[in-house]
2 protein chains.
Amino acid sequence: MAKPTRLSGFPELLPSGRVIEQYLLDVARQVFELHGFLSLETRAVEPIENLQGGEIAKEIYVLRRMHAADGEADPGLGLHFDLTVPFARYVLENSAQLEFPLRRYQIQKVWRGERPQDGRFREFTQADIDVVGSGALAFHHEIEMAVVMSTLLAKLPIPPAIIQVNNRKLAEGFYLGVGATDTQGVLRAIDKLDKIGADRVRVLLEAEAGLTREAAAKCIQLASIKTPDATFVDQVRALGVQNDLLDEGLNELAAVVAGANAERPGSVVADLRIARGLDYYTGTVYETQLVGFESVGSISSGGRYDNLASDGKQSYPGVGISLGVSRLVSVLIGRDLVSVSRAVPSAVLVAVSDEASRPASELVARQLRNRGISCEVAPSADKFGKQIRFADRRGIPFVWFPGAVQRESPEGDTVKDIRTGDQVPADATKWAPPIDDLTPRVFSTIVTTAVSEESS
Amino acid sequence: MAKPTRLSGFPELLPSGRVIEQYLLDVARQVFELHGFLSLETRAVEPIENLQGGEIAKEIYVLRRMHAADGEADPGLGLHFDLTVPFARYVLENSAQLEFPLRRYQIQKVWRGERPQDGRFREFTQADIDVVGSGALAFHHEIEMAVVMSTLLAKLPIPPAIIQVNNRKLAEGFYLGVGATDTQGVLRAIDKLDKIGADRVRVLLEAEAGLTREAAAKCIQLASIKTPDATFVDQVRALGVQNDLLDEGLNELAAVVAGANAERPGSVVADLRIARGLDYYTGTVYETQLVGFESVGSISSGGRYDNLASDGKQSYPGVGISLGVSRLVSVLIGRDLVSVSRAVPSAVLVAVSDEASRPASELVARQLRNRGISCEVAPSADKFGKQIRFADRRGIPFVWFPGAVQRESPEGDTVKDIRTGDQVPADATKWAPPIDDLTPRVFSTIVTTAVSEESS
């Protein structure tokens, strides 16, 4: 194998980075399970027709068997680009064996054929929660999604995060109210505000979505409204647009902002610029900013979807929110926002004095492991100084010396804290490291609350 | 979306099946980390040239971007078919930032374009451990792999498992000793013994691998040797073949069988039929049978490889063993060898008497979650009987009634064990379920040790 080259868009973590990612995933799983979400996984592939529709269809990866037999039908499979579309398909396929409303979390890789020069990943890990009903789904779950994600984000060693919420009914009703006929086109244009600015969006709204100059201006004004509470309602009303769907959306968005902030003060803002590029959302939509690191984009997004899982007879409306694990990890690592105590699970290196006594060292290791202490036995019977340096390079805090092999204390084992040099007698059936040393720890390195955006 | 159809070879689990899989993965991770293996993940794709070589190359899935631009170079990527080849590439790519010997575990999906009619999966999950050295790797790790996997298998709710070990040096030395020139060809033929039988393998050995009738017979005799200890050495010697590499292999295999059985009695047998189809192994090879369920094939396989990770200047020899998680889960589910206490994480359903009091129920849930008790709030304020049935259908053992909403006890909350009907006063800041009810449990349904093969 020649020296390999990295593949742009397919990041891989070094061991210390993986400790950070695993920690985030463990906390996510814990929070999701505490809230009664069960775990599911779906296959990585979907029939291509399931992946089409929506702007994202152009970015999927298509599969073929390298040595498909002549005349073998091409199954037309692609890698999934999110976890919502596969989950909706899974619900349809297994509905008879599922209990609704179904609460599930799903932590898997997804793939998108994005241009890597945009700094986007082609393979990344998402951690999703969704609640799906059979025929109907109560609105209160749209509050719940924000509360659960906010609870999770607050437990992670990351800068403060704020969930920005909007509502598709509000936006669509408003667009209808100003005379738009192509509301999806308006939404797509508004979604580009951050990228291309208000002037060019106004041109798009007039030229492509067919709005009048005044209507386009109002749509852009709508998108500028952002409040930490329900006062956005008055600001929208002041624009003088009347529409029943708009009213419904205003009520729902006010309820989400008030409800989520009642449970978790300051967790949610109404932000009427939030559009979400995917076109399957029908109600509440979520994005999430890391305060001080807004330029990295949303780290947690989702929304309500009423028509994604439907076989024509029965529909399964849902609402979900997704944590962008890979994006978050890349920010934490790339900007040095966290550090780890060590990259290996071992709290102890059991020294070996000579190969003949390796079984004695293995016995010590087994005794420690039986009591939940991760350890490894030194790979070679080098001089003890070299074995201590071996532990030190890995961040393993303790080195264990089986007693029979030591001249100074021929009877008993000793254990050395190589950070302090302290060495004490120890019994492998009783000794334990301090709880902080038991497993690798992840620290936030953010020392002040005044986090500011760094140049990237 | 039309009613979807299942994709052959891409199995998906129902929630209860996922509880079983997650339990296996949790135990695997725990055992691996106790033994000092750190976690890594590699990208799902590799350059196709990295995936070629070896018999398996024909079965890879190749990727392309659906809307690749005209003239865009095809990056030539395929999905990985195992976790060893990607790990070897990762080691080469990151060697300067890794500490050796590197102990890592890796739990990921792999993909093979197998014919689904063979009952094989096209997507499945593996849990691998490997130790890789820089330039050299001590032999004792070949014993260690068997010990760690045996330790893991003994902790799982599965039938007894026996690791069958062979050695490529032994086999290759023996084949050279009987006059073979194409030892890979002999190995490939011997690998087919289980599928096509001794007579047809003999034909292959003579016709394709060019062996004499006597040499072919000896190779088949060699493959019939199977002992629970080092007595295989005498049986091989009795065949009268002389070769230095054979001697080395005999010594190594005897050391693995004796060493592993000294730590874990009865865990390992020498089985000289084990060949392993992949051609990168150079020393010890492992397969694993579930006693009574031999027909399902190996549930854990691996081996020593000296030449997989090498850039020409430096080599990184390794040894690894992989647990076939999907295969094992499909056996456990398909043959009803395990059952689960429930499919949802929630130990408690918090009842809701009317939508206005939902926040009071959410408060109870928050108090329970703060103390590590998984719960969910009833999705709708139905009659309590209906809410209890809702919990019952999910296997949630407890229903919590916030006190202010109950006529009988207007002051205090109560909690009901819906299995017994017992209902007692409770305080959400103090009450906890019995430890056995806290999380879903997985039980072995194997009641006798005399497990017998079922017809499939």
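The values are calculated or read from the model by the stated rules, or taken from the named source; none is laboratory data. Small disclaimer: the values here were computed from a predicted structure and weren't measured. Backbone-built Cβ (ideal geometry, glycine too); neighbour counts: all protein chains shown.
Here are the numbers for the structure shown:
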{"read-out": "Unmet criterion (only one of (1) more than 30 Å from A:Ile158 (Cα to Cα); (2) touching a residue at least 24 places away in the same chain (Cβ under 8 Å)) for A:Ala343", "value": "(1)"}
{"read-out": "Residue satisfying condition, being more than 27 Å from the chain's Cα centre (by Cα) and among the β-branched types (Val, Ile, Thr), within set A:Val319, A:Val340, A:Val350", "value": "A:Val350"}
{"read-out": "Restricting segment A:41-65 to residues that are under 29 Å from B:Val19 (Cβ atoms), more than 7 Å from chain B (Cβ to nearest Cβ) and within 23 Å of the chain's Cα centre (by Cα), the residue that is modelled with the lowest pLDDT", "value": "A:Leu51"}
{"read-out": "Residue in segment A:109-122 that is outside any strand (DSSP E or B), closer than 23 Å to A:Val31 by Cα and of a type in the set (A, V, I, L, M) present", "value": "no"}
{"read-out": "Any hit, segment A:25-36, residues being closer than 30 Å to B:Arg342 by Cβ and part of a loop (DSSP other than H, G, I, E, B)", "value": "yes"}
{"read-out": "Single residue of segment A:373-388 satisfying the filter (within 11 Å of chain B (Cβ to nearest Cβ) and free of Cβ contacts under 8 Å to residues at least 60 places away in the same chain) that is surrounded by the fewest Cβ atoms within 10 Å (Cβ to Cβ)", "value": "A:Ser380"}
{"read-out": "Single condition B:Val319 does not satisfy, out of (1) of a type outside the set (Phe, Trp, Tyr); (2) over 22 Å from B:Asp437 (Cα atoms); (3) at the interface with chain A (Cβ under 10 Å from one of its Cβ atoms); (4) crowded, with 24+ Cβ neighbours inside 10 Å", "value": "(3)"}
{"read-out": "Any hit, segment B:275-286, residues being within 22 Å of B:Gly179 (Cα to Cα) and aliphatic (A, V, I, L, M)", "value": "yes"}
{"read-out": "Qualifying positions in segment B:32-45 - surrounded by fewer than 23 Cβ atoms within 10 Å (Cβ to Cβ) and either in contact with a Gly (Cβ under 7 Å, 6 or more places away or on another chain) or within 11 Å of B:Tyr105 (Cβ to Cβ) (or both)", "value": "B:Glu33, B:Ser39, B:Glu41"}
{"read-out": "Search result, residues across segment B:94-132 that are within 9 Å of chain A (Cβ to nearest Cβ), surrounded by 19 or more Cβ atoms within 10 Å (Cβ to Cβ) and among the acidic types (Asp, Glu)", "value": "B:Glu123"}
{"read-out": "Filter result for B:Thr151 (at pLDDT 95 or above and either among the hydroxyl-bearing types (Ser, Thr, Tyr) or not assigned by TED's automatic domain parsing to the domain that holds B:Thr288 (or both))", "value": "yes"}
{"read-out": "Cβ pairs under 7 Å, 6+ apart, first in segment A:419-437 and in contact (Cβ under 8 Å) with a residue 60 or more places away in the chain, second surrounded by 10 or more Cβ atoms within 10 Å (Cβ to Cβ) and part of a loop (DSSP other than H, G, I, E, B)", "value": "A:Ala432/A:Arg371; A:Ala432/A:Ile373; A:Pro433/A:Ala347; A:Pro433/A:Ile373; A:Pro433/A:Pro397; A:Asp437/A:Ala347; A:Asp437/A:Pro397"}
{"read-out": "Residue within segment A:339-346 that is modelled with pLDDT under 95, assigned to a loop (DSSP other than H, G, I, E, B) and either among the aromatic types (Phe, Trp, Tyr) or within 30 Å of A:Trp400 (Cβ to Cβ) (or both) present", "value": "no"}
{"read-out": "Per-region count, segment B:333-388, residues in contact with a helix residue (DSSP H, G or I) (Cβ under 6 Å, 6 or more places away or on another chain) and under 17 Å from B:Tyr23 (Cβ atoms)", "value": "8"}
{"read-out": "Restricting segment A:18-40 to residues that are more than 24 Å from B:Gly17 (Cβ to Cβ) and of a type in the set (Val, Ile, Thr), the residue that is farthest from the other protein chains (Cβ to nearest Cβ)", "value": "A:Val27"}
{"read-out": "Residue match in segment B:133-141 (condition: outside any loop (DSSP other than H, G, I, E, B), within 11 Å of another protein chain (Cβ to nearest Cβ), within 30 Å of B:Asn251 (Cα to Cα) and of a type in the set (Phe, Trp, Tyr))", "value": "no"}
{"read-out": "Residue in segment B:318-327 that is under 21 Å from B:Gly185 (Cα atoms), out of contact with any Pro (no Cβ under 6 Å at 6 or more places or on another chain) and not β-branched (Val, Ile, Thr) present", "value": "no"}
{"read-out": "Residue in segment A:327-342 that is farthest from A:Ser301 (Cα to Cα), counting only those that are buried (at least 19 other Cβ atoms within 10 Å of the Cβ) and within 12 Å of chain B (Cβ to nearest Cβ)", "value": "A:Arg342"}
{"read-out": "Close pairs (6 angstrom Cβ cut-off, 6 or more residues apart or separate chains): surrounded by fewer than 22 Cβ atoms within 10 Å (Cβ to Cβ) in segment A:284-296, in a strand (DSSP E or B) and at pLDDT 95 or above anywhere", "value": "A:Gln289/A:Ile162"}
{"read-out": "Unique residue being crowded, with 18+ Cβ neighbours inside 10 Å and farther than 30 Å from A:Gly312 by Cβ when the list is A:Met145, A:Met149", "value": "A:Met149"}
{"read-out": "Of residues in segment B:417-452 being surrounded by 13 or more Cβ atoms within 10 Å (Cβ to Cβ) and more than 23 Å from A:Glu33 (Cα to Cα), the one modelled with the highest pLDDT", "value": "B:Gln423"}
{"read-out": "B:Gln164 vs. criteria touching a strand residue (DSSP E or B) at 6+ places or on another chain (Cβ under 6 Å), touching a residue at least 60 places away in the same chain (Cβ under 8 Å) and surrounded by fewer than 24 Cβ atoms within 10 Å (Cβ to Cβ)", "value": "yes"}
{"read-out": "Among the candidates B:Val186, B:Val148, residue that is closer than 30 Å to A:Glu362 by Cβ and of a type in the set (Val, Ile, Thr)", "value": "B:Val148"}
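Per-residue answers, yes or no, for (1) assigned by TED's automatic domain parsing to the domain that holds B:Ile158; (2) in contact with a helix residue (DSSP H, G or I) (Cβ under 7 Å, 6 or more places away or on another chain); (3) farther than 24 Å from B:Phe139 by Cβ:
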| position | (1), (2), (3) |
| --- | --- |
| B:Gly292 | yes, no, yes |
| B:Ser300 | yes, yes, no |
| B:Leu308 | yes, yes, no |
| B:Gly312 | yes, no, yes |
| B:Ser322 | yes, no, no |
| B:Ser326 | yes, no, yes |
| B:Val331 | yes, yes, yes |
